[in-house]
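Data first, discussion second: the structure below is written as structure tokens.
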Amino acid sequence: MSILSNATAYPVSDVNRVKRLHERGSYDRETVHAILDAAALCHIAYVVDGLPYCTPTLFWREGDRLYWHGSSASRMLRRQSEGEPVCVTVSHLDSLVLARSAFNHSVDYRSVMAFGHARVIDDPDEKARALAAMVGRFYPGRWATLRPATQQEIKAARVIGMDIEQASAKVRAKGIADDEEDYGLPIWAERIPVRTVLGPPEPCPRLVPGVERPETLGGYREGRALGDALREAHAATFPGSNPAKAFKPSV
């Protein structure tokens, strides 16, 4: 299995090489990280006793390492503590595309597949730091303002880390792409943009009187794209973590 690599891109092999519509594929870290950092949820694929599983979970990135967490009783996390090979995927749906032919209907999207070996974080200090980073990845600075975590809470949580050994991004951002001879047909065609946006905050009805919304949550404002808020929060918490530029899908 040949592996190609350079300083700005992940190694390329038969494992992560984009085979279908390879022109949509990318292996550079900037593109991969931008897609990862705009996502809150990932899916982790793995094999247990010969059976395939795929588990959705929250995750975060620090440099070339991904982290996720769950209960110590989780079958997924118990298995991954042994250094099991896993595939972590994220995807964003950017538009629905209606063409003049059924076979040219499509969607614009961004996706990443990242490969590596998942290992449990056993060191108590590293584990506590990782749990704080998990909160900070979404809400910078919030961990320090919260009720301190108890030893039982930290013990009950399990944190998994995975160095990204190989990764590939795949992006479609071309909108309508009909066969040339079909453009003259009297058939409606359009691109319908799809965005995940934030709604108005809904304060807890049992807030202590006088407690106000922290200014650090200003990035989570009504009408803003979730991906933009997540990228901003990530950059604030991990300023030196191979920062990724925002990916703007084209029409």
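Here is how the numbers come out for the structure above:
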{"read-out": "Segment 6-39, residues that are assigned to a helix (DSSP H, G or I) and either modelled with pLDDT of 90 or more or closer than 16 Å to Arg61 by Cβ (or both)", "value": "Arg29, Glu30, Thr31, Val32, His33, Ala34, Ile35, Leu36, Asp37"}
{"read-out": "In segment 46-81, residue modelled with the lowest pLDDT [restricted to those that are hydrophobic (A, V, I, L, M, F, W, C) and over 23 Å from Asp94 (Cβ atoms)]", "value": "Ala73"}
{"read-out": "Any hit, segment 122-141, residues being at pLDDT 95 or above, assigned to a strand (DSSP E or B) and within 25 Å of Arg195 (Cβ to Cβ)", "value": "no"}
{"read-out": "Test for Gly175: is it modelled with pLDDT under 95, part of a loop (DSSP other than H, G, I, E, B), of a type outside the set (Ser, Thr, Tyr) and at positive phi", "value": "yes"}
{"read-out": "Failed criterion for Thr145 (all others in (1) within 24 Å of the chain's Cα centre (by Cα); (2) at negative phi; (3) in contact (Cβ under 8 Å) with a residue 60 or more places away in the chain hold)", "value": "(1)"}
{"read-out": "Sole residue being part of a helix (DSSP H, G or I) and without any contact (Cβ under 8 Å) to a residue 12 or more places away in the chain, chosen from Glu232, Glu153, Glu212, Glu202", "value": "Glu153"}
{"read-out": "Test set (1) within 30 Å of Leu21 (Cβ to Cβ); (2) free of Cβ contacts under 8 Å to residues at least 60 places away in the same chain; (3) touching a Phe, Trp or Tyr at 6+ places or on another chain (Cβ under 8 Å) - Gly184 fails condition number", "value": "(3)"}
{"read-out": "Residue check for Ala225: small (Gly, Ala, Ser), modelled with pLDDT under 95 and out of contact with any Asp or Glu (no Cβ under 9 Å at 6 or more places or on another chain)", "value": "no"}
{"read-out": "Of all residues making up segment 215-229, the number that are under 23 Å from Ala39 (Cβ atoms) and either free of Cβ contacts under 8 Å to residues at least 12 places away in the same chain or of a type outside the set (A, V, I, L, M) (or both)", "value": "10"}
{"read-out": "Candidate set: segment 82-120, residues that are assigned to a loop (DSSP other than H, G, I, E, B), at pLDDT 95 or above and not small (Gly, Ala, Ser); chosen: the one nearest to the chain's Cα centre (by Cα)", "value": "His105"}
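The values are calculated or read from the model by the stated rules, or taken from the named source; none is laboratory data. Computed from a prediction, not measured in an experiment: that's the story for all the values here. Backbone-built Cβ (ideal geometry, glycine too); neighbour counts: all protein chains shown.
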